Every structure is written in structure tokens, then in C-alpha cells.
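Values quoted throughout were computed directly from the atomic coordinates according to the rules given, and no laboratory measurement underlies them. This one's a predicted model, so the numbers in the text were calculated from it and none came from an experiment. With ideal geometry, Cβ positions are generated from the backbone for all residues, glycine too; neighbour counts draw on all protein chains shown.
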Amino acid sequence: MRGLAEIVLMVADVQRSLHFYRDVLGLSVISPSELKGPVFLQVGDAIDGVPQQIVLVPRPPDAPEPAIDRRHRSLHHLGLIVSSTEFGRERVRLEGLGMQLRTGEHPFLAVQAIYLDDPDGNEVEIVAAK
């Protein structure tokens, strides 16, 4: 395996989630505007022409709401990498946007990390090497 092709998130409101992932986190939309429904966002660089993606898919109206308690969800969190030189600036920028950030320690990697929640309550980790 050489990378991660995509993570697909079922979201309550695609536009609200698009604002978070595109406008707050800075991911690029790569799906054509005429594509209705899912929105594909690129994370980092493509590997052998395959983009690494987060895909936002509308949750069907009859689907059950995800559990509020993360311990009862299928997805614990997703992590995005920034450079160690960008980490501090990214933290300040996100705090300036009013994001509620949390910190954490990785059990065995030498990384620094902050955590925030997307509009659907999915935890997103921003991580960089120490």
C-alpha cells in the first residue's frame, strides 16, 4: 500500500461540511461542479495520479443519526498532516476562526497534534512531526 485513496463521510448537510473542509481546512474541491450529490476534496499530493481524498456524501433522510458519543461511532477520527513549520500557524489560524481545539499525545510517535470537530461531530486531527 502506498497511501490512502479516500475517506467517505456521510454528512447531514453537504454545503456546511464543504465550508468546513474547503474553507476552514483548505482542501481543494476536485469533483466537477455538475456532479450532484457527493463532493470530492483532495488532501495533499496525488500518488501515481490518484488523489488522496475526503468525499462528502449526503446522509439519506431515513438514515439514523450518528451517535453523539464517539465511542459508539464507526469512525473514531481522521488525521491530516501539516508540516512542522505550519503547525503553530495553523493552530493560531484555527483558533482565530473560533474553532474549539483540543490537544493530545500520541502513544508512540513523535508528533504534535490538535483536534477539532467537523459539523457532523467527526473528530479531525491535525498532526505534524515534532
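Using 0.36 nm per residue and subtracting the Cα-Cα separation, the extra length available between R93 and R59 on full extension is 9.3 nm. The local environment of L109, defined by Cβ-Cβ distances under 15 Å, has a net charge of -1 under the rule Lys, Arg +1 and Asp, Glu -1. Here the simple spin-label model places points 7 Å from the Cα toward Cβ, and for R102 and I81 these points are separated by 2.4 nm.
Full extension of the chain segment joining S33 with H72 gains 10.6 nm, where the gain is 0.36 nm per residue of separation less the Cα-Cα distance. When peptides 118-128, 61-71, 42-52 are ranked by their average number of other Cβ atoms within 10 Å per residue, the highest-first order is 118-128, 42-52, 61-71.
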